[in-house]
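This report concerns only the one structure given below.
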Amino acid sequence: MVANVDSEVEEPASAEKNLNKALSLLDFESCDSLSVTGALHVLNQLGLLWSMREDHERALGYLQKAENLYGSFVSSNVEPLDTKSFFTGSTDGSGQNELELLYTHTLYFLAQVFKALKMNEKAALYCHATLKKQLERGRDYNKIEWAINAATLSQYLAERYAFKEARHHLAAAEYVMQAERAAFQDIPDDSDEHAK
């Protein structure tokens, strides 16, 4: 996607132009199994673009459209297709994986935008939703970063006297860290072999 390249090389004006062009080509009322991932991607990118420009209200509008699109598409019980499926005709579940990853990003971006808007309670709710979605997916996330975010959310909750929820997030952070530590202990230490 040209707009991605524009964003990566820090050409926000060009990225905005190309994203808006893509947006105009999409029909959100009848998003089908092939176009839903593209639509979510475009909306996320526009939300991110406006957030980086510190126009958080505008970013919020795009991200809420992405959230609503995901909700209505998922309720239709249609399997999403990824771009590769368009050419191969196969449905190997990668479209669902792509959709869920994009939605996880939507949740994360919403948490960041609500935080920037000083809507801390909503930011915390979306942070929780992001963490939950990452756990459900079981991959595509940094376990240490996840645990830090869960512990940080725990502190926020404790400061608001939501002790049960704070304890839950702290226990989840500890569990994920223990699992990560155990995974590293299973890796053989080659340092002894290299020393010989």
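No lab work stands behind these numbers, since they all come straight from the coordinates. Just so it is clear, the model here is predicted, and its values are computed rather than measured. For neighbour counting, all protein chains shown are included, and Cβ atoms are generated from backbone atoms with ideal geometry for every residue, glycine included.
Could you work out the relative contact order of the chain? I mean the mean sequence separation of Cα pairs under 8 Å and 6+ apart, divided by the number of residues, in percent.
Once divided by the residue count of the chain, the mean separation gives 13 percent.
Can you give the helix-only mean residue ellipticity at 222 nm for the chain, where every DSSP H stretch with n ≥ 4 adds -39500 (n - 2.57) and the sum goes over all residues, rounded to the nearest 500 deg cm²/dmol?
-25500 deg cm²/dmol
Fewest Cβ neighbours within 10 Å first, please rank Ser75, Ser33 accordingly.
In order of increasing Cβ crowding within 10 Å: Ser75, Ser33.
For the stretch 49-193, what class follows from the C-alpha gyration tensor (a ≥ b ≥ c being the square roots of its eigenvalues): rounded when a/c is under 1.5, otherwise prolate if a/b is larger than b/c, else oblate?
Cα axes put the stretch 49-193 in the oblate bin.
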